[in-house]
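Accompanying notes for the structure given below.
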Amino acid sequence: MEITKEHITCWIKKINEKIAENKCYLTKLDQPIGDGDHGVNMERGFQATVNMLETTSYDTVSSMLKACALSIMSKVGGAAGPLYGTAFLRMSLHVKGETIVTEKMFIEALNEAVVGMKKRGRTEVGEKTMIDVWAPVVEKLQEDGALHASTIIQTAKEARNKTEHIAASKGRASFFKEKSVGYIDPGAASSYIIFEALAETLEEGACQRG
């Protein structure tokens, strides 16, 4: 499988659709242990990113990913914007100059995203953040050496749900310490949506809706 510009467009559009559908859910998750605006921020940012993709043309997967990164950084508020923006930026840098993005290279790019997010957020697995979803998904993909949609969804869902049992030690939720146990991390929930959208994109090959 090769990852094309059409795959990236499809992926971002699906993320946007799913974020819109789950805006209230993400906000509800964020209210007890955060600022209560994760759903609103994510919807605003990804809608703006879709608008950009629909009105601008790009020569490469790398330039498209970079544009997405800059849009997310500027439009998604809170900590999520810089972190998700870093993820897409690191991905764009890894595939820069490549005319063909293979499965192997795309998995490597996702790993670079994890490395960048860890560095930007100064966080590791087990601290109740979006890294608790990104890291295990990418680790599983590296083990498999292939982009299996079912594996992505299953791993992301299990990882998201595990955050309910973690006491936060990073971000605003860390102020609540043990009281944050019992709540799924909002960033983990939106990360699941991002990977669910990726899995569906891979299953379809690319969006048929354009």
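Overview of results
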quantity	calculated
Test result for E124, part of a loop (DSSP other than H, G, I, E, B), free of Cβ contacts under 8 Å to residues at least 60 places away in the same chain, open to solvent by 50 Å² or more (accessible area, probe 1.4 Å) and farther than 27 Å from Q47 by Cβ	yes
Subset of the range 21-78 [acidic (D, E) and within 30 Å of E2 (Cα to Cα)]	E21, E43, E54, D59
Residue among I72, I33 that alone is of a type in the set (V, I, T), modelled with pLDDT under 90 and surrounded by 16 or more Cβ atoms within 10 Å (Cβ to Cβ)	I33
Those residues of the range 83-107 which are in a loop (DSSP other than H, G, I, E, B) and open to solvent by less than 40 Å² (accessible area, probe 1.4 Å), in sequence order	V95
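The values are calculated or read from the model by the stated rules, or taken from the named source; none is laboratory data. In this text the structure is predicted, and so the values were computed from the model without any measurement. FYI the Cβ positions are ideal-geometry reconstructions off the backbone, even for glycines, and counts take in every protein chain you see. In case anyone asks, the SASA skips ligands and DNA or RNA and just uses the protein heavy atoms, side chains included. Shrake-Rupley method; radii C 1.70, N 1.55, O 1.52, S 1.80 Å.
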